[in-house]
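Contents: one structure, followed by commentary.
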Protein chains: 2
Amino acid sequence: MSNICLTYGTKTSAQQIRAALTTLDGLSHWWTSDTAGDPSEGGTLTFTFGSNGGFDMRVIKSNARQVHWECVKGPDEWVGTSIEFDIDERAAHSQLLFRHRGWKAENGFFHHCSMKWATFLLSMRDYVESGVGRPYPDDLKIEAVGM
Amino acid sequence: MSNICLTYGTKTSAQQIRAALTTLDGLSHWWTSDTAGDPSEGGTLTFTFGSNGGFDMRVIKSNARQVHWECVKGPDEWVGTSIEFDIDERAAHSQLLFRHRGWKAENGFFHHCSMKWATFLLSMRDYVESGVGRPYPDDLKIEAVGM
């Protein structure tokens with residue numbers, strides 16, 4: 001099993017990060033503007049990326065420090081994997097620790113998703129700091145073919 | 001052992017990417033402006049990031065499709081790890097596949113370096129596409145403390 005692990009630090013409060021992860025408004029401002037469903041613990045969220053498809057995520061945990069999802073619908077490589085956002089509130093800043101756990105292979109798609117997650121977490125940081133992120137379809141493309 | 005895996009695609013030629021990885025001028029335009037040493041196979045490169053320290057890399061492989069380094073000096077977590085850039089030239093674009101192999105633990109530093117590598121690979125892509133990257137000290141900071 002392989003995991004994608006990323007992080008960012010920000011002077012923005014943990015509460016702002018939490019809002020970006022637990023409200024439809026917050027989520028739609030950094031990952032994909034087409035976000036629907038129930039963001040509370042036990043609920044299911046649907047993230048759609050136009051004709052590229054999307055992901056359904058069951059909210060496994062949602063508390064002040066942890067927001068964890070399980071992918072229940074999406075590409076084969078994603079179903080059953082776990083997406084974990086942990087918020088560490090420190091004296092002068094907040095740290096977001098991100099893990100996408102449980103990949104079966106380190107293939108090209110793993111490389112692609114790892115880089116895309118990095119760009120979307122930077123989008124989240126811009127959003128919590130300035131109110132403006134880069135959610136799909138205005139996301140930073142990392143492939144010459146436009147994805 | 002854990003690995004950082006990232007990628008980008010670009011319409012720029014494989015040769016341009018290769019120049020960014022195998023010349024002091026190229027390397028100093030996307031990773032750190034303070035780059036010295038011998039970039040040919042068997043040589044050792046020294047990358048310095050001001051007071052943050054740096055890395056010495058032995059060039060293990062350097063051919064048209066692969067540039068692989070071994071970290072021989074730097075933070076404990078890096079020494080002995082392998083940094084691999086593979087260039088896949090396709091019909092209409094080039095794909096860079098990046099791996100930083102052999103991490104002993106998925107700790108906070110692993111998260112930090114994974115995100116920093118993502119920003120530096122985006123810097124490399126900007127450099128090969130436009131001639132302007134974001135090497136240290138003008139790199140995109142991902143931590144509230146400025147690193």
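The values are calculated or read from the model by the stated rules, or taken from the named source; none is laboratory data. The structure displayed is predicted, hence computed values, not measured ones. Ideal geometry is used to build each Cβ from the backbone, glycine not excepted, and the neighbour counts take in all protein chains shown. Just the protein is used for accessible areas: all its heavy atoms, side chains included, with ligands, DNA and RNA removed. Shrake-Rupley method; radii C 1.70, N 1.55, O 1.52, S 1.80 Å.
Numbers for the structure displayed
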| read-out | value |
| --- | --- |
| Portion, in percent, of the accessible area of the protein assembly as shown that falls on carbon or sulfur, probe 1.4 Å | 49 |
| Gap separating the Cα centres of the stretch A:70-147 and the stretch B:16-71, nearest whole Å | 28 |
| Positive dipole terminus of the protein assembly as shown, leading residue within B:GLN16, A:SER62, A:MET1 (C-beta point charges) | A:MET1 |
| Rounded to the nearest 20 debye, dipole of the stretch B:69-138 from Cβ charges on Lys, Arg, Asp, Glu | 100 |
| Taking chain A and dividing mean pair separation by its residue count, relative contact order in percent (alpha carbons under 8 Å, at least six apart) | 29 |
| Loop-resident sites, the stretch B:52-94, for trypsin sites (Lys or Arg not before Pro), counting at most 11 other Cβ within 10 Å (DSSP) | B:ARG90 |
| Farthest toward positive dipole pole in the protein assembly as shown [+1 Lys/Arg, -1 Asp/Glu at C-beta], among B:CYS113, B:THR81, B:ALA92 | B:THR81 |
| Accessible area of the protein assembly as shown divided out per residue, in Å², using a probe of 1.4 angstrom | 42 |
| Rotationally averaged projected area of chain A (alpha carbon convex hull; nm²) | 8.0 |
| Across the identical copies, how the A:ALA91 labels are spaced - nm, sorted shortest first, 7 Å along Cα→Cβ | 5.9 |
| Net charge, A:GLY133 excluded, C-beta distance under 10 Å - Lys, Arg +1, Asp, Glu -1 | -2 |
| For A:114-122, mean number of other protein chain Cβ atoms within 10 Å | 5 |
| Minimum 20 Å² accessible area buried by the other protein chains, the stretch A:6-28 residues, probe 1.4 Å, relative to alone | A:LEU6, A:THR7, A:GLY9, A:LYS11 |
| Label 7 Å beyond Cα on the Cβ vector: B:MET147 copy-to-copy distances, nm | 3.4 |
| Size of charge dipole - chain B - debye, nearest 20, with Cβ of Lys, Arg +1 and Asp, Glu -1, no other charges | 280 |
| At 7 Å out from Cα toward Cβ: A:PRO75 inter-copy label distances (nm, ascending) | 2.9 |
| Nonlocal Lys pairs with alpha-carbon distance under 19 Å, chain B (8 or more apart, or different chains) | 5 |
| The protein assembly as shown - charge dipole about Cα centre, Lys and Arg +1 at Cβ, Asp and Glu -1, debye rounded to 20 | 180 |
| Candidates A:GLY133, A:GLY108, A:GLY42, ranked by Gaussian network fluctuation over chain A, Cα under 10 Å, top entry | A:GLY108 |
| Crossing angle, helix A:108-130 versus chain A [Cα axis fit, 0-90 degrees, rounded to tens] | 30 |
| Per-residue average of Cβ from other chains inside 10 Å of B:86-92 | 1 |
| B from A by rotation - nearest chain A beta carbon to the axis, in Å | A:ALA118, 2 |
| Mean residue ellipticity (222 nm) of chain B, computed from DSSP H runs ≥ 4 via -39,500 (n - 2.57), nearest 500 | -7500 deg cm²/dmol |
